[in-house]
Amino acid sequence: MDKENKKIYELIILGAGPAGTAAGVYAARKKIDTLIITEGFGGQATVAATIENIVGFEQISGIEMAMRFEKQLRYQKDIEIIIDKILEIKDQGNYFEVKTEKGSYFSEFLLVCLGRKYRKLNIPKEKELEGKGVFYCSTCDAPLLKNKNAAVIGGGNSALLAVIDLISFASKIYLLTDELTLRGDQIMQERIKKEEKVEIFYNTQILEILGDNFVTGLKFKDKTNNLEKFLEVTGIFIQIGMEPNSEIVRNFVKLNEANEIIVEGVLGKTSHPRMWAAGDITNLPFKQITIAMGDGVRALLDIYNNIQGKKNKEFI
């Protein structure tokens, strides 16, 4: 298919989390010929049972917020939305080609708002038993462990919050960290250390998740004495942080050591002259919903200025 016979959008936005949604709304208002490609709406925020720091809402669930995102995007008249999985991105010179499971789409500019994903342990049975006792969201799945034994892997705030979520449900909670101390906020550390049902293991290495159809246990090594130990649990919550979904653009832009896309200032410009990024996928600090929204808007407005500048040059 030659260039003359394919639709080339001015902009493709990848992702419809907080950053992508905000950018999409502003793209419609600026009448930029825009396509949004996303696997869903809301991003990682959808797993939150309750969100209380969105201005204008005393309280909203992650699922409700995602529904509002979709409704607002579909209300816009000047953008298109495709629900699909992104497979590959190619730079064809003056335009990008975004390949998905359903086809290929083309644009002059690209805004990457793909957010982050839960970091995996990459140990035996983790992938096979995901959703069958291996969990990554305690607010979603803690109720499944009512009167059962659970393990939480990690030592930061997300791990401590998972323990707190489980206290109301699980009969016994094991917290395992690979460090000599916990890293989470002191107030949460004090709370869980007072709970009789919580037992903490420090300086551990997780070796294997056990079970055939469902999780039945966890094997780990005490690095202090190199002894292997076994815990009988039916739920394992892996809370070892998140990583950006930047793999698909790593050949086009500069990444930092955490694989975050490095952007210039706060305008979301990447090292590629026609690619911007916004939200949790970037190296900007403070991964928050409202900040991601602002990132998306700023990036979009800068893209708009570049589109207008390009048009003015062509007119001259």
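The values are calculated or read from the model by the stated rules, or taken from the named source; none is laboratory data. As the structure is a computational prediction, the values presented were derived from the model and not from experiment. Because the Cβ atoms are built from the backbone with ideal geometry, glycine has one as well, and the counts that use them run over all protein chains shown.
Values as computed for the structure displayed
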{"quantity": "Top-ranked residue in the stretch 239-259 [being among the aliphatic types (A, V, I, L, M) and within 17 Å of R119 (Cα to Cα); ranked as surrounded by the fewest Cβ atoms within 10 Å (Cβ to Cβ)]", "calculated": "A258"}
{"quantity": "Exclusive hit being in the same structural domain as Y174 (by TED's automatic domain parsing) and buried (at least 19 other Cβ atoms within 10 Å of the Cβ), set F230, F214, F220, F201", "calculated": "F220"}
{"quantity": "Strands (runs of 3 or more DSSP E) completely within the stretch 19-101 that count 2 or more residues being touching a Gly at 6+ places or on another chain (Cβ under 8 Å) and surrounded by 13 or more Cβ atoms within 10 Å (Cβ to Cβ)", "calculated": "34-38, 79-83"}
{"quantity": "Any hit, the stretch 275-290, residues being at pLDDT below 95, under 14 Å from A19 (Cα atoms) and outside any loop (DSSP other than H, G, I, E, B)", "calculated": "yes"}
{"quantity": "Test: S171 is assigned by TED's automatic domain parsing to the domain that holds K229 and modelled with pLDDT under 95", "calculated": "no"}
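Residue-wise test of (1) modelled with pLDDT of 95 or more; (2) part of a loop (DSSP other than H, G, I, E, B); (3) outside the structural domain of V98 (by TED's automatic domain parsing); (4) not basic (K, R).
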position: I209; (1), (2), (3), (4): yes, no, yes, yes
position: N225; (1), (2), (3), (4): yes, yes, yes, yes
position: V266; (1), (2), (3), (4): no, yes, no, yes
position: G309; (1), (2), (3), (4): no, no, no, yes
